[in-house]
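The values are calculated or read from the model by the stated rules, or taken from the named source; none is laboratory data. Everything quoted here is computed from the prediction, not taken from an experiment. With ideal geometry, Cβ positions are generated from the backbone for all residues, glycine too; neighbour counts draw on all protein chains shown. Quick note on the areas: whole protein, heavy atoms, side chains included, nothing else; ligands and nucleic acids left out. Shrake-Rupley method; radii C 1.70, N 1.55, O 1.52, S 1.80 Å.
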Amino acid sequence: MAGVWVFKNGVVRLENPGADTTNGRRHQKMLVHLASNEVITSYSALETKLLSLGWERYYDDPDLLQYHKRSTVHLISLPKNFSKFKSMHMYDIVVKNRNVFEVRDM
């Protein structure tokens, strides 16, 4: 992800996020499970990995898929439709599961 992280008035934001392009096209990202080198292509594949790591599914919001890990305060919230699964959701999963997942360029 190209650009510069700027801290201003207590808020951190990425400036020039469109710089992460080649020939005017944005790079697509993929979430990879490191142990198996498996590209996550569906929520069922992701859920299998998350459940094996101790994450539990929450059913409170019908518009979201949510997972919580009892030993932490972390909550993973994902759009119900996999086509709306974006790189920000992938990075959220990576940060909350260090050394388990990785985001790569396609």
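Which one, Leu51, Asn9, Pro79, projects farthest toward the positive side of the charge dipole computed for the chain from Cβ point charges (K/R +1, D/E -1)?
The residue sitting farthest along the positive end of the dipole is Asn9.
So what is the accessible area of the stretch 19-106 per residue, in Å², with the probe set to 1.4 Å?
Ligands and nucleic acids excluded, the figure is 64 Å² per residue.
For helix 43-52, what angle does its Cα long axis make with the longest principal axis of the chain, in degrees from 0 to 90 and rounded to 10?
The angle comes out near 60 degrees.
How long is the gain from Ser71 to Glu102 if the chain were fully straight, where each residue apart is worth 0.36 nm and the alpha carbon distance is subtracted?
Length gained, Ser71 through Glu102: 9.0 nm.
Once neighbouring chains are kept in place and the probe is 1.4 Å, which whole percent of the accessible area of the chain is contributed by carbon and sulfur?
Solvent-exposed carbon and sulfur of the chain make up 52 percent of the total.
How much mean residue ellipticity at 222 nm does the chain get from its helices, if each DSSP H run of length 4 or more adds -39500 (n - 2.57) and you divide by all residues, to the nearest 500 deg cm²/dmol?
Per the formula, -5500 deg cm²/dmol.
Might you report the magnitude of the Cβ-based charge dipole of the chain about its Cα centre, with Lys and Arg at +1 and Asp and Glu at -1, to the nearest 20 debye?
The calculated dipole for the chain is roughly 160 debye.
Would you mind computing the Rg to Rh ratio of the chain from its alpha-carbon coordinates, Kirkwood style for Rh?
1.00
Along each of the three principal axes of the Cα atoms of the stretch 44-106, give the extent in whole Å, ordering the values from largest to smallest.
33, 25, 19
Which of the aspartates and glutamates could a cross-linker span from Lys96 if the Cα-Cα distance has to be under 17 Å and same-chain partners fewer than 8 positions apart are dropped?
List returned: Glu47, Glu56.
If you plug each phi of the stretch 78-92 into the Karplus form 6.51 cos²θ - 1.76 cosθ + 1.60 with θ = phi - 60°, what whole-Hz ³J(HN,Hα) values come out, in order, with x for Gly and Pro?
Values, residue by residue: 10, x, 4, 8, 4, 5, 9, 6, 10, 4, 5, 5, 4, 5, 4 Hz.
Of all trypsin sites (Lys or Arg not before Pro) in the stretch 53-106, which ones are in loop regions per DSSP and have a Cβ with at most 13 other Cβ atoms within 10 Å?
When the trypsin sites (Lys or Arg not before Pro) of the stretch 53-106 are filtered for loop state and at most 13 Cβ neighbours within 10 Å, Arg70, Lys80, Lys86, Arg98 remain.
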